[in-house]
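Chemist: Before we start, here is the structure in question, set down as structure tokens.
The values are calculated or read from the model by the stated rules, or taken from the named source; none is laboratory data. From a predicted model like this one, the values you see are computed outputs, not experimental measurements. Cβ placement follows ideal geometry from the backbone for every residue including glycine, while neighbour counts extend to all protein chains displayed. Quick note on the areas: whole protein, heavy atoms, side chains included, nothing else; ligands and nucleic acids left out. Shrake-Rupley method; radii C 1.70, N 1.55, O 1.52, S 1.80 Å.
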Amino acid sequence: MVASVLFWDASVHLLGPSAGRTPSRTETAPSELTVQAAAGKAIEAQWSPPEHGPAPDSYQVAVVEVANGQTVALTQVWSPEATVGGLRVGEQYRVVVQAGEGLATSAPVTVLADQPPDPPFAVVASQQAGTNAIDASWTPAPTGVAATGAFVQLYGGGGGLTYLGYLTCQAGCTGAVFRDLAYGPHYTVRVEPTNSVGQGPAAVSEPVDLVDPCPAAGAVTAQATCVAVDATTPVGATEHRAEGFQNSIYPESALLARANALKPYSWRGAPTYQAATGVLDWSSWDAAVDTGAQTTLLLSNLWQAETNTGTGARTPWSDWVGYSHWVTDTVQKVESSGHKVSYWEIQNEPGGIGYFSAADWAASTPADYLQQFLVAYQAIKAADPKAAIIGPSLSHFADYPGEFDPHEPDLVTFLNFAARHGLRLAAVTWHEIDDDLGPLPRDFNEVPANIEDHVAEARRLIAERPALGDAQVWVNEYGQPSDYAIPGWTLADIVALEGSGVDRAGRSCWPEAAVGGAPVNDCAAPTLDGLLESDGSTPRPDYWVYAIYARMTGQLVDVTSSDVTVTGLASLNGTDDQVLALVGRNVSCLPAVNLNCPQSTPAAPPPATVAMTVRTEWTSVDHVEVSIVAVPPTSGALAEPPTVFHGPVAVTKGMVSVPLPQLADGEVYAVTISR
């Protein structure tokens, strides 16, 4: 559980109705109030909003000694949880939570001396259906000292005794997923609960065997990967939520034609600031609007352009009043200009290096960036109370302080801050762009697979803080610099984003080292975030992944793979007569053709055998037309993906076995099946 540690302030009045206030009939007590002892001579309390009526904006929480009925702590919180510390060891207390005129009172709980948390119960490990991944779940100890996180370890090999790796989780998580494992017997998961004191006793799962779901049959060997498309099981409408892009669009007609073919869902950037005149050039922005995409304006881009002295932007905290006035004036000028802005973004990658001068960045703290967000949020709302504001746009998915960098705020701290100040966000945002989690992982799991974990955690954190409102979840940049130009990795990102149910996501852009040519900044050149050559017209291989993704209509359907490094996405069109599927592979970042990949990276593995089946409801036909085109992981231009197969394929009781060629690392196949 995540909450601030609160201490008694004797100047705060006791709980009670406001003078002259008439209680609303819809107000009832908070429900499901639970309490437990915590480290720091503390009590943790959690509850649910009242079952009837609207959720309150805040709660008052009191801690009462059972022995004498004295209130020893009192505070106001903006989410249904609180931690109260500084209590007496061995004393019994009750927690009273008030919402409006409704009160809930807990059972007594005894404060314990500082000690590690008690072990969890019922650690369960199981194979994720159809994959080489293990799901682990556990139940926190219902009494005793609570955990605030867990250190989760995986063991395997002979007898399940070989240590393989670990995951850490924060904010009271009760599950983890280990991916990309070798099929075989005797995996176990060991969960050590953690709190501020240290690690508590561990609990271990029963052994679990990973069974290869890809059988050895006919030409398919036991080393093959099975990809199964079930066109009879829809999983959601085709909304192309990962078709988001950044700055690099220009109003040339050729580029716009290429962009329109991708059906952009969203665009993020800012108009160009003309330093000589102080005028904003909206031509590129309006070109993005004309694609039909919703737009997000980055205020930090304009602030940097207007205040940069050559070493970096001026820090907002050097003059809060001036910064606030600038934000309000900028929003008013933009909105009065008539140019379309769907959303406002305050700061790109707060705490990241390179925006302010080196000295200003080194002196900055997470508290500075939180206060910047509050000041700018209030200034935007002063200009337009209905403005839709997103944030915090972290450069990493960090869920505890200092996880990646001590200057950057983490998501949990930010959401607590936003809830405490009543900030109603249109979307909670972060970036999935860290090379340490891509082909060069620092942890057991890699992106893109763990994007699904991050989105699920973000939704849980938002739901636990009703003061935030109904915020969407966006990944407003995805794609690491070492792999974002490789088709197989691009598809894997899209598959993970679609599978996560994220509300929208935008492709990142990077300075790109070109094989045999000068480096190109894909964020500034008219390359459509690296999808086109520098002429702004000629496609590169990655472009075709997005173009084929954009052609998916109707319903997305279920796709499973027996290997996490082989991913797939498929759709059944609205008339149920065509299946369109993308299948790709992502293992290395291909140093032979990709200069953004460290040259010390191991070479790509050999091509893989992939057994692809498609289940349909076409039981009355004996054959279908199958077309397969290849998107190779090559550098430079690719005018059209080459066709590698076209012809009739037999249908047996609605099942189609696709004659997929061997799949190279980084390659993508697009399969069209028509009846």
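Chemist: Mind ordering 473-484, 286-297 by average Cβ neighbours within 10 Å, highest first?
Modeler: Peptide ranking by packing, descending: 473-484, 286-297.
Chemist: If I take all pairs of Cα atoms in segment 299-396, what percentage of them are more than 15 Å from each other?
Modeler: Counting pairs separated by more than 15 Å, the tail of P(r) holds 60 percent.
Chemist: What length, rounded to one decimal in nm, is gained on full extension from SER31 through to GLU91, with 0.36 nm per residue of separation minus their alpha-carbon distance?
Modeler: Result: 19.1 nm gained on full extension.
Chemist: Still on this structure: Taking the Cα centre as origin and putting +1 on Lys and Arg beta-carbons and -1 on Asp and Glu beta-carbons, what dipole magnitude results for segment 80-171, to the nearest 20 debye?
Modeler: Roughly 100 debye, rounded to the nearest 20.
Chemist: With equal scatterers on the alpha carbons only and no solvent term, can you work out the Debye log10 of I(q)/I(0) for segment 226-283 at 0.17, 0.22, 0.28, 0.29 1/Å?
Modeler: Calculated log10 I(q)/I(0) at the listed q: -0.75, -0.96, -1.17, -1.20.
Chemist: Right, next: Sort 658-666, 580-588, 321-329 by the packing proxy (mean of other Cβ within 10 Å over each peptide's residues), most packed first.
Modeler: The peptides rank, most packed first, as 580-588, 658-666, 321-329.
Chemist: Sorting SER337, SER562 by accessible area (1.4 Å probe), largest first, what list results?
Modeler: Listed by decreasing accessible area, they come as SER337, SER562.
Chemist: Could you please state, rounded to a whole Å, how far the C-alpha centre of segment 341-359 is from the C-alpha centre of segment 481-557?
Modeler: So the separation of the two Cα centres works out to 23 Å.
Chemist: Given a Förster distance of 45 Å, report the FRET efficiency between ALA639 and ASP405 from their Cβ-Cβ distance, rounded to the nearest 0.05.
Modeler: 0.60
Chemist: Dividing the convex hull volume of the Cα atoms of segment 41-158 by its residue count, what figure in Å³ per residue is obtained?
Modeler: Once divided by residue count, the hull of segment 41-158 is 158 Å³.
Chemist: Now, a different point. Run through every distinct alpha carbon pair of segment 528-619 and return the Kirkwood hydrodynamic radius in angstroms, one decimal place.
Modeler: Final number for the Kirkwood radius of segment 528-619 is 15.9 Å.
Chemist: Specify which residue in the list SER106, PRO234, THR194 is farthest towards the positive end of the charge dipole of segment 89-244, using unit charges on the beta carbon of Lys, Arg (+1) and Asp, Glu (-1), about the Cα centre.
Modeler: THR194
Chemist: Now for a separate question. Per residue, what volume in Å³ does the Cα convex hull of segment 358-428 take up?
Modeler: Enclosed volume per residue, from the Cα hull, is 89 Å³.
Chemist: Given q = 0.15, 0.18, 0.23 Å⁻¹, what are the Debye log10 I(q)/I(0) values for segment 204-308, with equal point scatterers placed on the Cα positions and solvent ignored?
Modeler: Each listed q maps to, in turn, -0.76, -0.92, -1.19.
Chemist: Antiparallel versus total DSSP beta bridges in segment 235-381: what percent is that, nearest 5?
Modeler: Restricted to segment 235-381, the bridges split so that about 25 percent are antiparallel.
Chemist: Here's another thing I want to ask about it. Counting only heavy atoms of protein chains, what accessible area per residue, in Å², does segment 540-675 have with a probe of 1.4 Å?
Modeler: On a per-residue basis, 40 Å².
Chemist: Ok, one more. Along each of its three principal axes, how wide is the spread of alpha-carbon positions in segment 111-267, in whole angstrom units, largest first?
Modeler: Between the extreme Cα coordinates on each principal axis of segment 111-267 lie 69, 52, 28 Å.
Chemist: Enter the accessible area per residue of segment 42-146 (Å², integer; probe 1.4 Å; all protein chains in place).
Modeler: With all protein chains present, segment 42-146 gives 41 Å² per residue.
Chemist: Averaged over all directions, how much area does the convex hull of the C-alpha atoms of the chain cover when projected, in nm²?
Modeler: The orientation-averaged projected area of the Cα hull of the chain comes to 33.9 nm².
Chemist: Moving to a separate point now. Report the Stokes-Einstein translational diffusion coefficient (µm² s⁻¹, integer) for segment 567-661, Rh taken as the Kirkwood radius over Cα pairs, at 10 °C with viscosity 1.306 mPa s.
Modeler: This corresponds to a translational diffusion coefficient of 100 µm²/s.
Chemist: Here's something else I'd like to know. Which whole-number value in Å² is the accessible area per residue of segment 344-484, probe 1.4 Å?
Modeler: 32 Å²
Chemist: Can I ask one more? Test of understanding: extend the Cα→C-beta vector of ALA67 to 7 Å, then name every residue of segment 93-108 with backbone N under 15 Å from that spot.
Modeler: Inside the label zone: 93-94.
Chemist: Contour minus end-to-end for SER600 and ASP577, with contour as 0.36 nm per residue of separation and end-to-end as the Cα-Cα distance?
Modeler: 3.6 nm
Chemist: Let me know the whole percent of all Cα-Cα pairs from segment 460-538 that are separated by more than 22 Å.
Modeler: The proportion of pairs with Cα distances above 22 Å equals 39 percent.
Chemist: Something else about it: Given a 1.4 angstrom probe, I'd like the percentage of the accessible area of the chain that is carbon and sulfur, rounded to a whole number.
Modeler: On the chain, the fraction of accessible area on carbon and sulfur atoms equals 53 percent.
Chemist: For GLN76 and ALA55, what does the FRET efficiency come to when R0 = 25 Å and r is the distance between their Cβ atoms, rounded to the nearest 0.05?
Modeler: 0.95
Chemist: Evaluate the relative contact order of the chain (contact order divided by residue number), counting alpha-carbon pairs under 8 angstrom at least 6 apart; express in whole percent.
Modeler: Dividing the mean separation by the residue count of the chain yields 12 percent.
Chemist: Here's a follow-up. Across the chain, how many lysine pairs separated by 8 or more positions, or lying on different chains, have Cα atoms within less than 23 Å?
Modeler: 5
Chemist: If I model a spin label at THR311 and TYR163 as a point 7 Å from the Cα along the Cα→Cβ vector, what separation in nanometres do I get?
Modeler: 4.5 nm
Chemist: Nearest 5 is fine: what % of DSSP beta bridges in the chain come out antiparallel, could you say?
Modeler: Around 75 percent of the beta bridges assigned by DSSP in the chain are antiparallel ones.
Chemist: Per DSSP H run of at least 4 residues, take -39500 (n - 2.57); add these up for the chain, divide by its residues and hand me the 222 nm value, nearest 500 deg cm²/dmol.
Modeler: Rounded to the nearest 500, it is -5000 deg cm²/dmol.
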